[in-house]
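J.: I have a structure here, written as structure tokens, and I will follow up with some questions on it.
The values are calculated or read from the model by the stated rules, or taken from the named source; none is laboratory data. As the structure is a prediction and not an experimental result, all values here were calculated from the model. For neighbour counting, all protein chains shown are included, and Cβ atoms are generated from backbone atoms with ideal geometry for every residue, glycine included.
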Amino acid sequence: MNLNELIYPYELCHLPYPYEALEPYIDSKTMQIHHTKHHAGYVNKLNEVIKKYPELQKVALVEILQNLESYDIPEEDKEAIRNFGGGHINHTLFWSIMGPSKEIDEDLVTKIKEAFGSVERFKEEFTNTALSHFGSGWAWLVENSEGQLEIYSLLNQDSPYLLGDTPIIGLDLWEHAYYLLYQNRRAEYVQNWWNVLKLL
């Protein structure tokens, strides 16, 4: 899914695999609830906000997030777009980078080796970032405005596009992403997630 193609009216994407495809690492029930309840909720609420602004209905969501502070709309609606727009675009990417079998992105592997020394070192740094994040949010690998790869975490549903960066890999750290199977064992969820990240 090309994130640049997300435009109003927004729709919940279809997963490219069945809900049970990521087991035993992510269970079917979590996938179903996460996709049809949480992600769908972000889509519906985002549509409610953008419906009020015809000038934003023809603008790609990526561009809206990149320029959010420049729009002359109430702060409460900016916050809604930040939360629900981020929730929609973050999850759309999240589903697309996972799968039941590996589809190694060799260009990405080369860039990661150049930036971090090895894929293993990247995974270690990314994992540490995810585990040190407090509360709900996401861990990200992004390409920053200078074209360099960078790892960081963001709170809630904030998107790297808000910072002018392009997300490449995102890991959902909200409890709804893992709690049915892992309860409070976030570290186990993060470690197991590497098995369903298809890019590396």
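J.: Which count do you get for residues in the range 61-72 that are surrounded by 12 or more Cβ atoms within 10 Å (Cβ to Cβ), assigned to a loop (DSSP other than H, G, I, E, B) and out of contact with any Asp or Glu (no Cβ under 9 Å at 6 or more places or on another chain)?
T.: Within the range 61-72, residues that are surrounded by 12 or more Cβ atoms within 10 Å (Cβ to Cβ), assigned to a loop (DSSP other than H, G, I, E, B) and out of contact with any Asp or Glu (no Cβ under 9 Å at 6 or more places or on another chain) number 1.
J.: Here's something else I'd like to know. Is it true that residue 35 is touching a residue at least 12 places away in the same chain (Cβ under 8 Å) and not aromatic (Phe, Trp, Tyr)?
T.: Yes.
J.: Could you list all residues from the range 99-147 that are among the charged types (D, E, K, R) and farther than 28 Å from residue 178 by Cα?
T.: 106, 107, 111, 113, 114, 146
J.: Going by what's in this entry, would residue 200 be described as within 11 Å of residue 26 (Cα to Cα), surrounded by fewer than 21 Cβ atoms within 10 Å (Cβ to Cβ), in contact (Cβ under 8 Å) with a residue 40 or more places away in the chain and out of contact with any Cys (no Cβ under 9 Å at 6 or more places or on another chain)?
T.: Answer is no for this residue.
J.: So how many residues does the range 21-48 have that are surrounded by 14 or more Cβ atoms within 10 Å (Cβ to Cβ) and acidic (Asp, Glu)?
T.: Matching residues across the range 21-48 total 2.
J.: So, in the range 150-177, of the ones that are among the small types (Gly, Ala, Ser) and under 10 Å from the mean Cα position of the chain (by Cα), which residue ends up surrounded by the fewest Cβ atoms within 10 Å (Cβ to Cβ)?
T.: Only one residue tops the list, namely 170.
J.: Scan the range 54-91 for residues that are farther than 23 Å from residue 13 by Cβ, over 22 Å from the mean Cα position of the chain (by Cα) and not polar (S, T, N, Q) and jot them down.
T.: Result: 54, 55, 71, 72, 73, 74, 75, 76.
J.: Out of 58, 52, 29, I need the residue that is among the charged types (D, E, K, R) and assigned to a helix (DSSP H, G or I). Which one?
T.: Result: 29 is the single residue among 58, 52, 29 that is among the charged types (D, E, K, R) and assigned to a helix (DSSP H, G or I).
J.: Next question. So residue 183 fits all but one of (1) more than 15 Å from the chain's Cα centre (by Cα); (2) without any contact (Cβ under 8 Å) to a residue 60 or more places away in the chain; (3) within 17 Å of residue 111 (Cα to Cα); what number is the exception?
T.: Every condition holds for residue 183 apart from (3).
J.: Looking at (1) outside any helix (DSSP H, G or I); (2) basic (Lys, Arg); (3) in contact with a helix residue (DSSP H, G or I) (Cβ under 7 Å, 6 or more places away or on another chain), find the lone condition where residue 78 falls short.
T.: For residue 78, the exception is condition (1).
J.: Would you call residue 108 outside any loop (DSSP other than H, G, I, E, B), closer than 29 Å to residue 17 by Cα and without any contact (Cβ under 8 Å) to a residue 40 or more places away in the chain?
T.: Here the answer is no, as residue 108 does not meet what is asked.
J.: Sort out which residues of the range 136-149 are of a type outside the set (A, V, I, L, M, F, W, C) and either within 11 Å of the chain's Cα centre (by Cα) or at pLDDT 95 or above (or both), and write them in order of number.
T.: Matches in the range 136-149: 136, 137, 143, 144, 146, 147, 148.
J.: Then there's this: It is to be established whether one or more residues within the range 87-95 are hydroxyl-bearing (Ser, Thr, Tyr), crowded, with 16+ Cβ neighbours inside 10 Å and in a strand (DSSP E or B).
T.: no
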